[in-house]
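See structure below.
The values are calculated or read from the model by the stated rules, or taken from the named source; none is laboratory data. These numbers come from a predicted model, not from an experiment. Here the Cβ positions follow ideal geometry from the backbone for every residue, glycine too, while neighbour counts run over all protein chains shown.
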Amino acid sequence: MKAGTLLFTTTALVMVTLLLSWTPEAVAAQEDDPDYLATYSIIARDPGTGELGMGVQSKAFAAGNRAMHAKGGVAVIAHQASANPMYGAIGVDLIERGYSPQEALDMMVASDEGRDRRQVAILDMEGRTAAWTGTGASDWKGHRCGRDYCAQGNILVGPEVVDAMAASFEASTGPLAERLMDALDAAEAAGGDARGKQSGAILVVAPRAGSGGFSDRVVDIRVDDHATPLHELRRVLNLLRSGQMVRNANASMAQGNLEEALATTTAARDKSPENDNAWVALAAVQARMGRDADALESLQRAVDLNPGRMRTLPRDRNFETLHEHPGFRRLIGADDPGASAR
């Protein structure tokens, strides 16, 4: 055996033995344990963009902190039921070392005495999948893998929940995060988690996709505790998209393309009407176009949403032409001695 191959195999064996040290607590987990991930989730790949992602909803607190693991350009891994986070960390490492998802999963499952209560799914950058649903996970449990995705769940009302996620993803187009969101909504509409709902999350990764290229996070949002987590997750996703539109609109305005900036800021406002940044960005374009009345109306909406804007708007150079306008002065409370204290 070559030295490199020996090192490769030895390192992998050392890693998977770490699973054994995590087994005792995991085996003891029960359905009423808040750490037991009664969960439905979907992992997926967008071959056009190179993105990998996962969406999850669970009747457990902060499932997004424990059920998902991904590395841009490598793999995405769901680990749930009696979840063991080592499946995520070790699984990604094994994929990076050249193992296929099935080889990595087989090695980890074989080394894990708590395997029967696990549910794990792996998808790599080549679109290869592998999934495991242990016989000891709570019913209904199961998984379904197709082209560029795996859908899985446990303690569900029935197989229709997983089928709904699969059908939604297969029929959808557009950005990966929205496709994952739609799949989760379809699962919930089909009955979802038999215990109820509490938390949700969406993670999308790609190499050097984060701010400044310093991370792989394209989308990383979560709702840790909410009566309707998917509704809240959709709101947060829309807020994220609205912010991205504002950034694009600012670039268009800097280039002097005001009509494009107006269309983009209008779309940002419509995507998330509660985003005061979108209203301010829209007002900035309107002011630049000489539409003072529209700009003041947009700024009023921003102040209604966030009264703190009364303090920051006077410093915003986008509105220098409005500083002496009576409507602007009323908006910021310039003539109200008590406004600065509010």
Go over the candidates Ala183, Ala209 one by one and state the one that is assigned by TED's automatic domain parsing to the domain that holds Ala44, within 16 Å of the chain's Cα centre (by Cα) and assigned to a loop (DSSP other than H, G, I, E, B). Ala209
When residues of region 80-109 are limited to those that are small (Gly, Ala, Ser) and in contact with a helix residue (DSSP H, G or I) (Cβ under 7 Å, 6 or more places away or on another chain), the one nearest to Thr39 (Cα to Cα): Ala81
State all residues of region 212-249 that are more than 13 Å from the chain's Cα centre (by Cα) and of a type in the set (Asp, Glu); if no residue qualifies, say none. Asp225
Looking at (1) buried (at least 23 other Cβ atoms within 10 Å of the Cβ); (2) at pLDDT below 95, which one does Met181 not meet, given that it meets all the others? (2)
I need a count of the residues in region 147-159 that are more than 22 Å from the chain's Cα centre (by Cα) and charged (D, E, K, R). 0
Of everything in region 113-146 that's among the polar types (S, T, N, Q) and within 21 Å of the chain's Cα centre (by Cα), which residue is surrounded by the fewest Cβ atoms within 10 Å (Cβ to Cβ)? Thr129
